[in-house]
Amino acid sequence: MDTPFNFLPHIVQQPNAQRINSFIITIFFLFASLFVATLTYDTLRFGEFEDFPETSEPVWILGKEYNALTEKDEILSDVTSRLWFTYRKNFPPIGGTGPTSDTGWGCMLRCGQMILGEALMCRHLGRDWRWAREQKQREEYISILNAFIDKKDSYYSIHQIAQMGVGEGKPIGQWYGPNTVAQVLKKLAVFDTWSRLVVHVAMDNTVIIEEIKRLCMPWLDLAGEAAGEGEVNGCPEGACALAEEETALWRPLVLLIPLRLGLSDINEAYIETLKQCFMLPQSLGVIGGKPNSAHYFIGYVGEELIYLDPHTTQPAVEPCEDGQVPDDTYHCQHPPCRMHICELDPSIAAGFFCKTEDDFDDWCMRIRRVCLIPLFNKARFWGIFSQTYYFSDSDRLERFFDSEDEEFEILSL
């Protein structure tokens, strides 16, 4: 019995066989490409793109408020200026012999790149920087892009993330959850001496203020230790060994908070609090999505979350000889996707960026007001998303854990 494609040899025996053969092969590869596209664009739904709704409700994008009726161009410009990392193909094999594409498994890794990329943009360019096609880009922008190029020696490439994930128990090619990618980014940031970020992953549903300040101002510990040992040439012993900029500056903080906001579905008690996190000026957004389908959430309008979707495969990009990077495919130039907030998988990681100590102090004040966070031990220990509710006996048995680490208790109601 003939297979479905055995008709091809029969057709090419007809007159003008070469021309017909060429036509059939073209049609075949066209349909094959469409089939692959169907698999790749599963969540993008290009035929269903909608503009922002005509609504008087505010649109919030990473701490910026917009009017959907009068500021649509500004909204799209802001969204387009975010770095958009998607599946790529034909990059050098990961680990030398591994996969050359991350299609089907790398979506959470790409979302991790997007949330960290946003932090680097805020760090080096500022939140108000805007991208425009075919304009000469600043050197800092090119350096940021080069940190994510799909090759082994880029700080935050798919190669580095995948290989560092092996140490977190994730073989190359396996899907990550939000907690895993947060831990990997924390490890990789140590090697980025240009940005000098402190990436802190707040575990156990707790942000410890003093711990973060010690991480972002390590000279304080040295100065404290040296206080008991005397001074050398007018400065604390040990602190003198630090460069002047190390003692004068706060190292910029990327705070990632893995959370589980329910069991199989998001608990409606946390919806308003989650939405308010996008309103904070320090917001880097949220990584999460649906089971095995990750998205980078950058804001909301009404009851819908606004997100960038990594589920499309594009060719890997090579920098030009002059060091410039062809960057059109690193920016989403169509209206962003939206989904109802109740469709969100409860396992997420929220991100915040504090460039200065004042930014962090401001975040602490705002998050306390937003989340009604109880303070413990003279405000040193802060629980995130903690509220008091009354439940039945069966409800009290529910305890929420990160699916990747059952010892990680996110919410205790």
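The values are calculated or read from the model by the stated rules, or taken from the named source; none is laboratory data. Keep in mind the model is a prediction, meaning the values are calculated, not measured. Cβ sites come from the backbone with ideal geometry, for glycine too, and all protein chains shown count toward neighbours. These accessible areas exclude ligands, DNA and RNA; they are computed on the full protein's heavy atoms, side chains included. Shrake-Rupley method; radii C 1.70, N 1.55, O 1.52, S 1.80 Å.
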Of (1) in contact with a helix residue (DSSP H, G or I) (Cβ under 8 Å, 6 or more places away or on another chain); (2) in contact (Cβ under 8 Å) with a residue 60 or more places away in the chain; (3) more than 21 Å from Asn292 (Cβ to Cβ), Tyr176 fails just (3)
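One line per residue, one yes/no per condition, for (1) under 26 Å from Thr55 (Cα atoms); (2) open to solvent by 10 Å² or more (accessible area, probe 1.4 Å); (3) modelled with pLDDT of 95 or more:
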| position | (1), (2), (3) |
| --- | --- |
| Glu245 | no, yes, no |
| Leu259 | no, no, no |
| Leu308 | yes, no, yes |
| Pro315 | no, yes, yes |
| Asp322 | no, yes, no |
| Asp327 | no, yes, no |
Are there any pairs with C-beta distances below 6 angstrom linking a residue in the stretch 72-88 that is over 14 Å from Leu284 (Cα atoms) to a residue that is of a type in the set (Ser, Thr, Tyr) and open to solvent by less than 10 Å² (accessible area, probe 1.4 Å), with the two at least 6 apart or on different chains, and if so which?
Thr86/Thr312
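Determine whether the stretch 83-95 contains at least one residue that is open to solvent by 40 Å² or more (accessible area, probe 1.4 Å), over 18 Å from Pro319 (Cβ atoms) and modelled with pLDDT under 95. Don't jump to the end; show me each part of the working.
Taking the stretch 83-95 as the starting set, the residues that turn out to be open to solvent by 40 Å² or more (accessible area, probe 1.4 Å) are 89-90, 92-93, 95.
Narrowing the set further to residues that are over 18 Å from Pro319 (Cβ atoms) leaves 93, 95.
Now drop any that are not modelled with pLDDT under 95, which leaves 95.
The answer is yes; a qualifying residue exists.
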When you look at Asp359, is it open to solvent by 10 Å² or more (accessible area, probe 1.4 Å), at pLDDT 95 or above and out of contact with any helix residue (DSSP H, G or I) (no Cβ under 9 Å at 6 or more places or on another chain), yes or no?
yes
Could you list, in sequence order, the residues of the stretch 118-155 that are touching a residue at least 24 places away in the same chain (Cβ under 8 Å), polar (S, T, N, Q) and in a loop (DSSP other than H, G, I, E, B)?
Gln137
Among the residues of the stretch 183-194, is any modelled with pLDDT under 90 and open to solvent by 60 Å² or more (accessible area, probe 1.4 Å)?
no
For Gln174, state whether it is farther than 26 Å from Ile61 by Cβ and either in a loop (DSSP other than H, G, I, E, B) or open to solvent by less than 50 Å² (accessible area, probe 1.4 Å) (or both).
yes
Does the stretch 216-237 contain any residue that is touching a strand residue (DSSP E or B) at 6+ places or on another chain (Cβ under 6 Å), open to solvent by less than 50 Å² (accessible area, probe 1.4 Å), of a type in the set (A, V, I, L, M, F, W, C) and modelled with pLDDT of 85 or more?
yes
Anything in the stretch 254-272 that is over 12 Å from Ile341 (Cα atoms) and hydroxyl-bearing (Ser, Thr, Tyr)? List them, or say none.
Ser264
Please name all residue pairs, on different chains or six or more residues apart, with Cβ atoms under 7 Å, provided the first residue is in the stretch 96-110 and is β-branched (Val, Ile, Thr) and the second residue is at pLDDT below 95 and open to solvent by less than 30 Å² (accessible area, probe 1.4 Å).
Thr103/Thr40
